[in-house]
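The values are calculated or read from the model by the stated rules, or taken from the named source; none is laboratory data. Please read these numbers as outputs of a predicted model, since none were measured by experiment. Quick reminder, even Gly has a Cβ in these numbers, built from the backbone with ideal geometry, and neighbours come from all protein chains shown.
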């Protein structure tokens, strides 16, 4: 092959490889731009369809409820998102608890609670739910109840401490779903007793029980 032909061949190969590389770059960018944007923690929580994917156990109900609570204290959460989160939390309540927490009043108190936490420099940073083996099940007055402990890490002006709440859930006879019936501070609950429910909490959120 003549030298001139060799140069022409090299130039053609360079151009071909360059075009292939540029096409791959454009294809990659198109693929990236076509991806759904990553959801925020708030969007992930709200994306759950409770009608089709309701938490199946008391522990899973509380894990989801705590995920909602943690979203309340995110720096980027909006007032509209807090409203949506509050409505979602209320969907986990037993009908008796919902009856004493009408939606509008409940959301007003929820915003008040969150604002009070922010003004005092408090923030719930983490949560933990007792293991499934430590859920206390029992029957009372024709209903099935479950009692379990949740722990919350709270930071306040550079300090941190742990709060422990005992939650009571009742299985709804109509749809067999576990719903939050009430809660109280662990020190107020006789964990060795028979777990007889004392009634639902009239509170906008678990934070109100620990003020």
**Request:** Determine if segment 134-155 includes at least one residue that is assigned to a helix (DSSP H, G or I) and either over 17 Å from the mean Cα position of the chain (by Cα) or without any contact (Cβ under 8 Å) to a residue 60 or more places away in the chain (or both).
**Result:** yes
**Prompt:** Mind checking whether some residue in segment 128-138 is more than 20 Å from residue 184 (Cβ to Cβ), out of contact with any helix residue (DSSP H, G or I) (no Cβ under 6 Å at 6 or more places or on another chain) and at pLDDT below 95?
**Reply:** yes
**Item:** Positions within segment 52-73 being in contact (Cβ under 8 Å) with a residue 60 or more places away in the chain, under 14 Å from residue 178 (Cβ atoms) and part of a helix (DSSP H, G or I), in sequence order
**Value:** 58, 59, 61, 62, 63, 65
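Conditions tested, residue by residue: (1) assigned by TED's automatic domain parsing to the domain that holds residue 180; (2) within 25 Å of residue 41 (Cα to Cα); (3) modelled with pLDDT of 95 or more; (4) in contact with a strand residue (DSSP E or B) (Cβ under 7 Å, 6 or more places away or on another chain).
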| site | (1), (2), (3), (4) |
| --- | --- |
| 80 | yes, yes, yes, no |
| 91 | yes, yes, yes, no |
| 122 | yes, yes, no, yes |
| 152 | yes, yes, yes, yes |
**Asked** Does residue 76 satisfy being loosely packed, with under 11 Cβ neighbours inside 10 Å and more than 30 Å from residue 176 (Cβ to Cβ)?
**Response** yes
**Item:** Exclusive hit being out of contact with any strand residue (DSSP E or B) (no Cβ under 9 Å at 6 or more places or on another chain) and modelled with pLDDT of 95 or more, set 26, 50
**Value:** 50
